[in-house]
Amino acid sequence: MSLSRWYAHSEYMEFSKLRSGATFNLATSGVMNCSLSDLTFRLEELDINGPTIYGYAPLLEAIAGLKGVKPECVVHAAGTSMANHLAMAALFAPGEEVLIEEPTYGLLLDAAQYLGAKVRRFQRRFEDGYALDPAEVAANLTAETRVVVITNMHNPSSALAGEESLRTIGELARGVGARVLVDEVYLECLHHPPATSSFHLGDNFVVTSSLTKAYGLSGLRCGWILAEPTLAERMWRLNDLFSATPVHIAELLSVMAIEQIEKLARRGDALIEANRMAMVEALSGHPAIECFNPGVGTTIFPRLRQGDVAAFCEFLRDEYETSVVPGSYFERPRHFRVGLTADVEMTREGLGRLARALSVWQEKTRD
Ligand SMILES: Cc1ncc(COP(=O)(O)O)c(C=O)c1O
């Protein structure tokens, strides 16, 4: 076993699980958790064991219906997290080249490195609103690239990729025999109009997602991979080495959740919309930051004009009981990520505190 594999861990997850909490927590990125009482469910239909073999057919059909694909293209996995791990494990061998956007969600990079990828990067730039630029991909793609990895919407910025850019990247990747892995967990938040998955842009697209971020259903761990059927079959077999068989009661609850997905979508939309309005009120034009507002998604990723972001985050927590995610977890240490997904009252108060802390910080750090 290599040393890097032995010590593999995610600094971001450690932060998220152990150090991101605060009275006013703006460090989240997924719609506030549902409780069981938010779901209409039939207790008498729940059970511990069931007919799951390579997936539970009613759940594969429900996910397929939600995404407009055939059930044989769906691989169920424990959240987008396991979906990403499983997809990557099936898409490249150790030592093969993987081209990953920068900045990105840290776990994608961590998982690729853990699986032995030779990682290359292409840039998404703050100055361009973190747009997905096919020319950047083209400049960094090589004949050896096996997979191009993208998040859409982008984590940390929430920038939405255009269909044309994605299609062009698909063609570029096809030119060298590569696939495009798109983590669409935040795309689930787009309902007006509903987002079309990039899976439909070509058979070299592989998509991962889950019910976590848009619906507050992280606890069901209902994630999936969309892939062409032969590849999907290979992933199912590979999954026998990982989690083998899912938790059946969660499969049943996931089917019931998808049956009432519109109600859950409305809950998430209302929360994000109210929080985005509060964010615009509190932060737009604030002199202490430069901020790209994507107008969609669950987070924003401002750049602090003055001073050290890690020190500012500490000051914000100590003096204003408010947390955000330091940009160092996203390879952008001058930025910080603000979540728009928590309770509306708490978020409004947290954003007000953030705005006040930024003003005081600006004075403190003036040259
Ligand atoms: C881009 C991205 N993918 C995947 C995940 C994990 O999602 P899940 O809870 O479905 O495993 C996250 C969580 O923050 C994320 O930001």
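The residue 293 and residue 363 beta-carbon pair, evaluated with R₀ = 25 Å, returns a calculated FRET efficiency of approximately 0.50.
With each pseudo-label sitting 7 Å past Cα toward Cβ, what's the residue 176-residue 143 distance in nm, one decimal? Result for the modelled spin labels: 1.1 nm. Kindly provide the trypsin sites (Lys or Arg not before Pro) of the range 1-102 that DSSP labels as loop, not H, G, I, E or B, and whose Cβ sees at most 16 other Cβ atoms within 10 Å. Answer in residue order: 42. Taken about its Cα centre, the range 314-367 carries a charge dipole of roughly 240 debye when the Cβ of each Lys and Arg holds +1 and the Cβ of each Asp and Glu holds -1. When only alpha carbons are used to place a centre, the range 107-161 and the range 310-342 end up 23 Å from one another. In this structure residue 242 has an accessible area near 80 Å², from a 1.4 Å probe over the protein heavy atoms.
A cut-off of 5 Å between modelled amide H atoms, ignoring neighbours fewer than 5 places along the same chain, links residue 222 with 79, 211.
Farthest towards the positive end of the charge dipole of the range 74-232, among the residues 182, 74, 132, is the Cα of 74, using unit charges on the Cβ of Lys, Arg, Asp and Glu. Measuring nothing but how far apart in sequence close Cα pairs (under 8 Å, 6+ apart) lie, relative to its length, the range 289-367 scores a relative contact order of 29 percent. Candidate membrane-span-like segments in the chain, meaning DSSP H helices with Cα atoms spread over at least 20 Å of their own axis and a Kyte-Doolittle mean of 0.0 or above, are 261-283, with no membrane implied. Largest first, the residues 224, 6 sort by 1.4 Å accessible area into 6, 224.
A Förster distance of 22 Å, applied to the separation of the beta-carbon atoms of residue 203 and residue 163, puts the FRET efficiency at 0.85. Remark: the chain carries a charge dipole of roughly 460 debye about the Cα centre, counting +1 on each Lys and Arg Cβ and -1 on each Asp and Glu Cβ.
Spin-label model, residue 33 to residue 281: label points 7 Å out along the Cα-to-beta-carbon direction sit 2.8 nm apart.
For the pair the range 216-230 and the range 246-287, the centres of their Cα atoms are 17 angstrom apart. In the full protein context, the range 186-334 carries 41 Å² of accessible surface per residue, based on a 1.4 Å probe and ignoring ligands, DNA and RNA.
Projecting each Cα onto the charge dipole of the chain (Lys/Arg +1, Asp/Glu -1 at the beta carbon, about the Cα centre), which of 23, 37, 295 comes out farthest on the positive side? It is 23, whose Cα lies furthest towards the positive end.
Straight Cα distances below 21 angstrom link residue 17 to the lysines 213, with same-chain residues fewer than 8 positions distant left out. Cβ-Cβ distance of residue 310 and residue 120, R₀ of 25 Å, FRET efficiency by 1/(1 + (r/R0)^6): the value works out to about 0.35. Accessible area per residue was computed with a 1.4 Å probe on protein heavy atoms; residue 192 scores about 150 Å².
The values are calculated or read from the model by the stated rules, or taken from the named source; none is laboratory data. Keep in mind the model is a prediction, meaning the values are calculated, not measured. Here Cβ is always computed from backbone atoms with ideal geometry, including for glycine, and neighbour counts include all displayed protein chains. Side chains included, ligands, DNA and RNA excluded: accessible areas come from the protein's heavy atoms. Shrake-Rupley method; radii C 1.70, N 1.55, O 1.52, S 1.80 Å.
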